[in-house]
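A short reminder: the numbers here are calculations on the coordinates, not readings from a lab. Bear in mind that the values here come from a model prediction, so they are computed numbers and not experimental data. Positions of Cβ are backbone-derived with ideal geometry, glycine not excepted, and every protein chain shown enters the neighbour counts.
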Amino acid sequence: MLDCLQLLHFHIGSQIPSTDLLQEGVYEAAQIYSELVRLGANMKVIDIGGSLGIDYDGSKSGNSDLSVSYGLEEYASAVVNAIRVICDRKSIKHPIICSESGRAIVSHNSILIFEAMDAAAPKIPAINQVNIPFIMEGLSEDARADYCNLSEAAMRHDNETCLFYADQLKQRCVEQFKEGTLGIEQLGAVDGLFDLVTKMIGASEPVRTYLVNLSVFSSIADSWSIGQVFSIVPIHRLDEKPTVKGVMSDLTCDSDGKIDKFIGGLTSLPLHELDNGSGGGGGSANGRYFLGMFLGGAYQEALGGFHNLFGGSSVVTVLQSDGPQSFAVTRTMHGSSCADVLRMMQHEPELMFDTLKHRAEEFCGFDVAALSGSIARSFHNMPYLELASSCSLTALNNGGFYYCNEEDYNAALVESGASEEEQWSYCIA
Ligand SMILES: Cc1ncc(COP(=O)(O)O)c(C=O)c1O
């Protein structure tokens with residue numbers, strides 16, 4: 001059988017940061033290859049698997065997982081040279097070399113676009129709003145001493161000591177609260193005092209939490225699972241200077257459904273104030289604010305599951321074209337509807353719909369047709385937040401239409417002549 005063996009395949013890992021590390025692995029594999037030849041195998045091919053890394057943070061350094069210190073040419077030379085050295089030393093024929101680079105090929109080919117729906121800013125009280133006598137009322141001796149030390153440090157403009165005592169005071173108050181010796185109002189007031197101190201000495205700038213219309217687990221799985229940092233930037237208002245800092249919180253109920261690590265070691269991202277009433281900033285795009293996550297490649301969507309019952313996002317295929325815009329949208333694919341996701345979880349959405357409809361008929365004295373239409377729409381819609389004005393998406397390639405606007409939806413059903421049963425397949429891409 002040994003003469004049937006022709007190929008040696010290996011994979012030393014993904015995103016190898018330097019050619020030294022790469023060569024080490026390839027030398028070892030080339031030795032195995034040459035030994036197989038010596039033992040009589042009819043060897044022809046070495047497949048080096050993946051490992052060609054990409055420069056996520058633009059630093060071109062081999063010191064972290066976020067970048068690589070080599071280019072494509074250097075990668076190829078390192079592989080070819082390592083194999084050649086070993087083969088020449090053993091006087092064996094040079095093999096055909098194959099590679100199967102994953103992320104280096106696909107990463108640049110997809111962008112995840114998502115909308116920031118709202119932004120919450122921490123409420124920091126003005127100095128005259130902090131009720132010091134009220135705070136002092138319930139404090140322990142040690143906490144009072146912290147407050148006195150904090151005041152003295154503030155008089156001396158000793159910021160570091162201020163921060164130390166403010167933090168210690170806060171911790172002591174949390175302990176007192178847990179023991180039941182401090183009320184929630186006083187704890188809240190101490191919290192406000194701490195935020196005020198950190199803001200006044202410039203130790204931390206208030207960071208907003210942007211509520212983004214996605215599930216980190218479904219669309220940026222590596223961010224949650226292995227702490228992969230991706231390039232995330234606003235794709236709107238690029239002619240305006242970002243004036244606030246923000247982190248991102250997704251729609252799921254998990255506390256780790258968030259993004260607070262960004263390229264460059266940043267723990268918040270420079271962003272624009274939202275123009276939807278929550279932030280008060282100006283801007284374009286009818287007040288809507290979209291961000292892009294770059295270099296996700298094909299892996300993120302493939303890894304993403306149905307965690308918290310959020311399915312895959314909608315996909316638009318964009319190709320280069322010779323037209324005036326230089327691009328063409330060639331295909332759209334609607335993401336999973338609530339019914340799709342329920343079906344994936346082994347539920348029966350049609351049955352659920354019928355049951356709900358019958359219950360509505362049984363118990364509601366008002367317009368049951370409108371109610372069941374509304375229930376049907378919630379099954380057909382995606383589990384993500386949809387603005388009434390934005391969720392009509394025309395599929396370019398298959399002539400299908402996707403609706404959540406009531407009139408559009410009903411008109412389309414009439415036009416399509418779809419029966420109630422057919423409505424299920426009608427709205428699913
Ligand atoms: C066998 C094999 N080949 C290729 C790849 C692609 O790796 P990369 O994305 O680092 O190029 C992988 C990824 O794990 C793999 O397991």
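See the values below:
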item	result
Normalised contact order of the chain, rounded percent, pairs of Cα under 8 Å and 6 or more residues apart	12
Within a Gaussian network of the chain (alpha carbon springs, distance under 10 Å), most fluctuating of Ser204, Ser231, Ser219	Ser204
Positive-pole candidate from Phe327, Tyr56, Leu112, dipole of the chain, charges at beta carbon	Tyr56
Among Arg331, Arg144, Arg84: highest mean-square fluctuation, GNM of the chain, C-alpha pairs under 10 Å	Arg144
Amide H partners (placed H, <5 Å) of Met382, local residues excluded	Cys338
The stretch 113-210 - charge dipole about Cα centre, Lys and Arg +1 at Cβ, Asp and Glu -1, debye rounded to 20	160
Surrounding net charge for Thr355, when Lys and Arg each add one and Asp and Glu each subtract one, Cβ distance under 13 Å	-3
Packing-based order for 318-326, 120-128, 262-270, using average beta carbon neighbours within 10 Å, highest first	262-270, 120-128, 318-326
Residue among Thr161, Thr317, Thr209 with the largest mean-square fluctuation in a Gaussian network model of the chain, springs linking Cα atoms under 10 Å	Thr161
Nitroxide proxy distance, nm - points 7 Å out along Cα→Cβ at Lys199 and Glu179	3.1
Taking the stretch 185-334 and dividing mean pair separation by its residue count, relative contact order in percent (alpha carbons under 8 Å, at least six apart)	23
Anchor Lys258: lysines whose Cα lies under 28 Å away (excluding residues fewer than 8 positions away in-chain)	Lys60, Lys123, Lys170, Lys178, Lys199, Lys241, Lys245
Residues Cys253, Cys338 arranged by fewest to most Cβ contacts within 10 Å	Cys253, Cys338
Sequence-distant residues sharing a close amide H with Asp47 (under 5 Å, placed H)	Leu8, His9, Phe10, Cys98
Extension gain (nm, one decimal) between Ile32 and Phe363, 0.36 nm per residue minus Cα-Cα	111.7 nm
Neighbour-count order for Cys162, Cys87, fewest beta carbons within 10 angstrom listed first	Cys87, Cys162
Packing-based ranking, highest mean first, of 17-24, 56-63 given that Cβ atoms within 10 Å are counted	17-24, 56-63
Total formal charge among the other residues, if their Cβ is under 15 angstrom from that of Tyr56, Lys/Arg +1 and Asp/Glu -1	-1
Residue-by-residue Karplus 3J(HN,Hα) for the stretch 289-303, coefficients 6.51, -1.76, 1.60, Hz, glycine and proline x	9, 10, 10, x, 10, 9, 6, x, x, 8, 5, 5, 5, 5, 6
Extension reserve of the Ala76-Met352 stretch, reckoned as 0.36 nm per residue once the Cα distance is removed	93.7 nm
Summed side-chain charge close to Arg237 - residues other than Arg237 whose Cβ falls under 11 Å, Lys, Arg +1, Asp, Glu -1	-2
Selected from Leu169, Ser219, Ala78, residue furthest toward positive end of dipole (the chain; charges at beta carbon)	Ala78
Of Leu309, Asn381, Gly265, farthest towards positive along the dipole that unit charges on Lys, Arg, Asp, Glu beta carbons give the chain	Gly265
Interchain or long-range residues, amide H under 5 Å from Glu273's placed H	Thr243, Val244
Lys, Arg +1 and Asp, Glu -1 on Cβ, resulting dipole of the chain about Cα centre, debye, nearest 20	1280
Extension gain from Asp256 to Leu387, taking 0.36 nm per residue of separation minus the Cα-Cα distance	44.6 nm
Order of Met117, Met352 under a 10 Å beta carbon neighbour criterion, fewest first	Met352, Met117
